[in-house]
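Let me begin by handing over the structure; questions about it come next.
The values are calculated or read from the model by the stated rules, or taken from the named source; none is laboratory data. None of these values were measured; they are calculated from a predicted model. Neighbour counts are summed over all protein chains in view; Cβ atoms, including those assigned to glycine, are modelled from backbone coordinates with ideal geometry. Note: areas computed on protein heavy atoms with side chains; ligands, DNA, RNA excluded. Shrake-Rupley method; radii C 1.70, N 1.55, O 1.52, S 1.80 Å.
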2 protein chains.
Amino acid sequence: MNTEIISEFPDKEKRQKDFNCSIGFAMTVIGSKWRAIILWHILKNSHIRYGELKKGIPNISHKVLAEELKKLEADSLITRKSYPEIPPKVEYNPTSRGQSLYKVLNELCIWGKEHMN
Amino acid sequence: MNTEIISEFPDKEKRQKDFNCSIGFAMTVIGSKWRAIILWHILKNSHIRYGELKKGIPNISHKVLAEELKKLEADSLITRKSYPEIPPKVEYNPTSRGQSLYKVLNELCIWGKEHMN
DNA sequence: CGGGATCCCCCATGATACTG
DNA sequence: CAGTATCATGGGGGATCCCG
């Protein structure tokens, strides 16, 4: 049973209207400096915690990571599960929509590996 | 015979260092608001002219299109061929490196189509 | 026709400090 | 541990005018 809630993309009409192009729309979803990397880490490591993400993504600032996680959640690409413990514990997981980006990010990853060296 | 010149990526070390991640590196190449769309048009339409690109990409400004074309050329993703005529004529074509991004952009396009509506 | 040159604005990114 | 709150800044992006 799948209980995850996949809402509409925020500003969906605006995103569509600005580009009238599916690549442009896709770039509004993953096309920031860090968003694709963050999502990739979460796709590769389910139940990953905030601190693990921070360690796994060198050079990202604390503020940007927190903001991007909220945006990814707003786009229903990931879910956030908070455990009421001391100290706090938070886990991030991909939604089915997030997982639907696996092929795209995987191609991006392959291309990058082949061309960055 | 292939005479195209594929140079190193400008700022290659910096791009590598900033991310230490192949997805991050790839995003420095296609991850701006318009670059992926422009490259996609050129991949789909060889010998495309500046004016055709401008018409084919709604809402892009003149300045940004000209700038991004120069960046794509600097990254050896496209070539620019200028014909010494009056009025001027300029054609853009993908390089083999540009064509190597076809799979990535195609996946991005497919994903966008499936999720933007 | 295919640009360059200027001016300007906003937002993504970043640094730092504070909190439950 | 996993966040908010604030402030500063650089450059991506846009509008407009000029040019061979």
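Go ahead and set up a Gaussian network model of chain B, Cα springs under 10 Å, then flag whichever of B:54, B:81, B:14 fluctuates most.
B:14
How big is the accessible area of residue A:12 in square angstrom, nearest 10, if you roll a 1.4 angstrom probe over the protein chains?
About 30 Å², ignoring ligands and nucleic acids.
Using a 1.4 Å probe on the protein heavy atoms, what percent of the accessible area of the stretch A:9-115 belongs to carbon and sulfur?
On the way: 2700 of 5320 Å².
Using a 1.4 Å probe with all protein chains present, the stretch A:9-115 comes out at 51 percent carbon and sulfur.
Give me the count of lysine pairs in chain B whose alpha carbons sit under 17 angstrom apart, restricted to pairs 8 or more positions apart or on different chains.
Here the count comes out as 24.
For residue A:11 paired with residue A:81, estimate the spin-label separation in nm (one decimal), with each label point 7 Å from Cα along the Cα-to-Cβ line.
Simple spin-label model gives 3.1 nm for this pair.
Give me the accessible area of residue A:3, 1.4 Å probe, in Å² rounded to the nearest 10.
Around 100 Å² of this residue is reachable by solvent.
Which is the longest stretch in chain A that no exposed loop site breaks, taking sites as GluC sites (Glu not before Pro) with a DSSP loop state and at most 16 other Cβ atoms within 10 Å?
On the way: sites that count: A:4, A:8, A:85.
Excluding the exposed sites themselves, the longest stretch runs over A:9-84.
How much of residue B:83 can a 1.4 Å solvent probe reach, expressed as accessible area in Å² and rounded to 10?
Estimated to the nearest 10 Å², residue B:83 gives 60 Å².
Taking only Cα atoms and a 10 Å spring cutoff, compute GNM fluctuations for chain B and point out the largest among B:59, B:45, B:106.
Comparing B:59, B:45, B:106 in the GNM, the peak value goes to B:59.
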